[in-house]
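Read the structure below first, then the notes.
The values are calculated or read from the model by the stated rules, or taken from the named source; none is laboratory data. The shown structure was predicted, so the numbers you read here are calculated from the model rather than taken from an experiment. Cβ coordinates were reconstructed from backbone atoms using ideal geometry, including for glycine residues, and neighbour counts include every protein chain displayed.
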Amino acid sequence: MQPILSVRGVSKTYASGHRALGAVDLDINKGEIFALLGPNGAGKTTLISIICGIVTPSSGAITVGGHDAIADARVARMMIGLVPQELSVDMFETVLATTRYSRRLFGRPANDAHIEQVLKDLSLWDKRNSKIMELSGGMKRRVLIAKALAHEPDILFLDEPTAGVDVELRRDMWKLVHRLRERGVTIILTTHYIEEAEEMADRVGVINRGELLLVEDKAVLMKKLGKRELDLSLVEPMTVIPPELAEWQLTLTDEGTRLRYTFDAQAERTGIPSLLRKLGELGIAFKDLDTSKSSLEDIFVDLVAAKREEAA
């Protein structure tokens with residue numbers, strides 16, 4: 001199946017010599033939710049801005065729905081909706097007027113039924129005649145989403161969409177994302193809320209310092225890189241780990257009251273049975289144990305740290 005969005009060798013170096021983005025290759029399939037993770041300054045917004053035609057790339061090619069995003073920019077851009085990080089609306093316009101205007105801006109014929117549905121989906125219909133300057137910060141964020149959806153895009157970019165917004169809006173946002181995906185809309189989001197990407201995304205890309213470190217199915221990524229931790233609550237606190245336990249590379253936490261063992265759950269042998277036997281032989285008693293798996297955030301932090309070590 002041909003991807004709805006294809007990025008090949010796209011880079012950006014500014015006149016100052018600052019390289020904001022290396023040569024990025026990325027394919028996005030129709031109807032998927034793709035999460036792009038990375039710290040501030042990693043290149044997430046630069047990549048989105050290039051795809052959306054806001055920033056000119058230094059090199060590379062982009063196709064959107066089979067259309068060259070540079071040679072056929074107008075058609076390609078019509079397929080894209082963008083919700084930027086920053087508010088970019090006329091504060092003196094009403095909610096309804098600015099949403100209608102966004103639709104006309106892309107050459108779409110008037111469709112009041114669609115505009116009404118978008119505003120209702122975002123709990124903005126009751127505010128349709130209010131000036132944007134009269135709205136709360138969360139409501140203004142909803143208006144940005146309404147503007148991006150006004151022209152019925154095939155691809156929706158959400159650039160840090162829930163940063164600094166209330167819990168209610170965040171829940172509404174993800175409900176809307178699910179509904180859009182059901183209609184076949186492709187969702188590409190950047191976020192600092194890694195738990196949201198872990199819950200929502202089909203695939204995850206990790207970017208840092210302008211380099212796309214990896215792109216992977218979320219489930220495969222968790223299986224490939226995720227680790228599990230075994231925590232033992234000790235009956236008696238320990239100050240040091242006995243040398244007889246060195247092969248398990250244990251750590252003490254919670255002021256010596258918990259013993260932690262990190263292991264690969266996919267390995268043929270986890271080492272847990274032999275560890276528990278050795279603890280018994282040494283007379284080290286524990287009153288409880290539990291296991292947990294690495295989160296996507298743990299994986300992300302490890303990947304970025306590894307990349308920094310390579311660069312050092």
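In segment 40-64, how many residues are small (Gly, Ala, Ser) and under 17 Å from ILE4 (Cβ atoms)? Full working, then the answer.
As a first pass, look at segment 40-64 and keep what is small (Gly, Ala, Ser): 41-43, 49, 53, 58-61.
Within this subset, residues satisfying the condition of being under 17 Å from ILE4 (Cβ atoms) are 53, 61.
Qualifying residue count, segment 40-64: 2.
Could you tell me whether SER233 is of a type outside the set (Val, Ile, Thr) and modelled with pLDDT of 85 or more?
Details: of a type outside the set (Val, Ile, Thr): yes; modelled with pLDDT of 85 or more: yes.
When the stated conditions are applied, SER233 passes them.
Where in segment 1-88 are the strands (runs of 3 or more DSSP E), entirely inside, with at least 2 residues that are out of contact with any helix residue (DSSP H, G or I) (no Cβ under 7 Å at 6 or more places or on another chain) and charged (D, E, K, R)?
Values: elements: 5-13, 19-28, 33-37, 59-64, 80-83.
It comes to 19-28.
Results for (1) without any contact (Cβ under 8 Å) to a residue 60 or more places away in the chain; (2) surrounded by fewer than 18 Cβ atoms within 10 Å (Cβ to Cβ); (3) assigned by TED's automatic domain parsing to the domain that holds ALA35; (4) not small (Gly, Ala, Ser), shown as yes or no for each residue.
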position: PHE106; (1), (2), (3), (4): yes, yes, no, yes
position: ASN111; (1), (2), (3), (4): yes, yes, no, yes
position: LYS120; (1), (2), (3), (4): yes, yes, no, yes
position: ILE132; (1), (2), (3), (4): yes, no, no, yes
position: LYS140; (1), (2), (3), (4): yes, yes, no, yes
position: GLU160; (1), (2), (3), (4): no, no, yes, yes
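With the condition kept exactly as written, say whether any residue in segment 151-161 is part of a helix (DSSP H, G or I) and modelled with pLDDT of 95 or more. First the steps, then the outcome.
Going residue by residue through segment 151-161, those that are part of a helix (DSSP H, G or I) are none.
Looking for residues that are part of a helix (DSSP H, G or I) and modelled with pLDDT of 95 or more, one finds none in segment 151-161, hence no.
Take the residues in segment 167-210 that are more than 10 Å from the chain's Cα centre (by Cα) and of a type in the set (Lys, Arg); name whichever of them is nearest to SER11 (Cα to Cα).
ARG209
Each row is one residue, and each column tells you yes or no for (1) modelled with pLDDT of 85 or more; (2) outside the structural domain of VAL215 (by TED's automatic domain parsing); (3) loosely packed, with under 15 Cβ neighbours inside 10 Å; (4) part of a loop (DSSP other than H, G, I, E, B).
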| site | (1), (2), (3), (4) |
| --- | --- |
| ALA246 | yes, yes, yes, no |
| ALA267 | no, yes, yes, yes |
| LEU275 | yes, yes, no, no |
| LYS278 | yes, yes, no, no |
| LEU289 | no, yes, yes, no |
| ALA305 | no, yes, yes, no |
| GLU309 | no, yes, yes, no |
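Only one of these is in the same structural domain as GLU134 (by TED's automatic domain parsing) and not basic (Lys, Arg): ALA23, ALA97. Name it.
Values: ALA23 fails: in the same structural domain as GLU134 (by TED's automatic domain parsing).
Checking each option against the conditions leaves just ALA97.
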